[in-house]
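Just so it is clear, none of the values below were taken in a lab; they were calculated from the coordinates. As the structure is a computational prediction, the values presented were derived from the model and not from experiment. Don't worry about glycine lacking a Cβ; one is built from the backbone with ideal geometry, like all the others, and counts go over all protein chains shown.
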Amino acid sequence: MNLSHSTIARGARRKTSLRRYPHLTCGHVLIPICLSGIFYYVGLLFGMSHLKCENSKPLVPDPDLSLRGSDRLDEHELIDAIVAARIKASAYKQGKGKDYNSSSVPQFSETLSNFVHGMVKISQPDFLQAFDYGTPRPIVTPGSEEALIIYNTKESLPYLVPSLLQRGNSIKTLPVRNATANCDSLNVIYQNPNSKSSRCMAIVGNYESYHIQKWLRLGSVEVSSFTSVGRTTSSSGHTEFRSPSKENSQRHSQRIKQYLETSEHVLAVLKPIVESISIENTIIIMTVNSGQVDLLANFVCSAKRHKFDISNVLVFSTDPNAHKIVLGLGIASFYDDKNFLNLSHKAAQRYGDSSFSDMMYAKVLSVQLINALGYHVLFQDVDIVWYKHPLPFLQRNKSIQKHDLIFQDDGNRGPRFGPSSANSGFYFVRSNLRTQYLFISLLYSGDMIIESRSHQQVLIAKMNEHASLFGLRIKILNGEGFPCGFHYHRKKILMKEIVELKRAPYLFHMSWTENKVNKIFFFKQMGLWYMNENCLGNRLFDAFTYSVDKNVEKCCVMQPLVTCHFKDKPSIISCKNSPPLDKGGKSFW
């Protein structure tokens, strides 16, 4: 047999080794090799079992992926995916694996690759829970159960793109944690799921913008082209936001001039009053004129009946008669005879009338002044009655501690109040630089309030901008705990549960109601009216003296006055024999 020189040499060396170590056998050699293999696979399994470590970035989905049908990985695919993901993640962390997802089939063409690389679906409720921006939680309806995540770079893609995302032609579903594991930032766009219009959305590679442009066809679709419009503009051309007229701007300029000339004096007068009544650095603010003072009196009577502490309530009275009544109820009152001199004394007859608009200015000014002094503020309208004192919840509940402003849910989901739907008749403000700048900005935008006849929509618009620019945090409270007129008129099941004592809300706010007369009727039906009939309207001024105890005894009742007025509105007693308020309205009972 012809052996090469190298083969002979190797054989000679092997014999020499065996002669030198005669105790070695094949078993001695194979056992360490086998043990090494066992230890390798044990280590691999141990490493796989620790992929869920809470302190590390989630590299892959949990074995119990909440995927649907063919989207679910079988056992062998999951093991392969975990091993592959671990190797790629290790390489990526060492800076050697920047193209670790390049093997995946792109979902978009190369012409989009500078800003779009992939897309997955996620559970909408899970996403809103993980990324709570404070907006009301939408009702999940068929067709809106999921949301989309679009990935702008290869590095942002989830690790399982090759084995999961590209299976089949459909967009795949991932758990939120895994879908966002490699996202360093996340821009969120809200879209109305119930819109009936033929709406489209375009994503364009350009310098990044935090505002959404709206283009609209105005007039006949056949002959019209797209026009750039404001966000509240409808297809008919109507808009809720108009640029202030010259007259309204001049009117507002006079108010601001008066404010700037007197603010230093006003703050000096307010400071000792606020210091003497604040509780936990918090003041409860209300505003009232003579036309609405009996609604304020009802709140005070109700609070005294239930022994709620309202000693830190400060009422900004906008005329001398209202100031007298508030002091007569034993509540701190502040009347600014310079800034409030020309405001209306009458009750608003409808939403947005001149009296209503005047009170909007007083509401903005009162919160701005107290907030500027460094105090937290609970602002509330006079058409509110408490079931429970709300301040302990607002001050101490851990779920809302990180938010700057906390609002009651208004219920209106229209674009003028979007996306927060914040009710400006009940909200809590933490005093900090973000909120102080928000309210001075709102005050300076008073001409927009006059033009729109609503400080609510202007406040929401300002909050949207300040959230984008400065990171202002806003939270909208659950309507079941803080119901208002929207729930009174639109949520019959909730109102039945409140009436039947199956739910215990903190308060009730009689918003969404045309005028004071109906507010009182609705309060009486709900068992929330604590004012003696002899003290209603102008009779309240005749009844009051400078003795707080006598005033309370004369005008407050121990048990609420309950009467029926409309059968189609919620009531704590059956009102079937009363007429309906709304045409064709059915009985609540």
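Over all directions, what mean area does the Cα convex hull of the stretch 201-305 project, stated in square nanometres? The number I arrive at for the stretch 201-305 is 14.9 nm². Extension gain, residue 402 to residue 269, is 44.7 nm, computed as 0.36 nm per intervening residue step minus the present C-alpha separation. Indicate the gyration tensor shape class of the stretch 493-564 (rounded, prolate or oblate), computed on the Cα atoms with a ≥ b ≥ c the square roots of the eigenvalues: a/c under 1.5 is rounded; otherwise a/b larger than b/c is prolate and the rest oblate. Note, shape of the stretch 493-564 comes out prolate.
When every Cα-Cα distance of the stretch 405-492 is counted in 10 angstrom steps from zero, the calculated P(r) takes the values 17, 50, 28, 5, 0 percent.
Note on the stretch 438-489: Cα-only Rg and Dmax are 13.5, 36 Å. Lys-Lys pairs in the stretch 258-345 that are eight or more residues apart or on separate chains and whose Cα atoms lie under 25 Å of each other come to 5. Can you check what the net charge comes to around residue 498, using other residues whose Cβ is under 12 Å from the Cβ of residue 498 (Lys, Arg +1; Asp, Glu -1)? Net charge in that neighbourhood comes out at +2.
Radius of gyration (Cα atoms) of the stretch 454-576, expressed as a multiple of 2.2 N^0.38 Å: 1.35.
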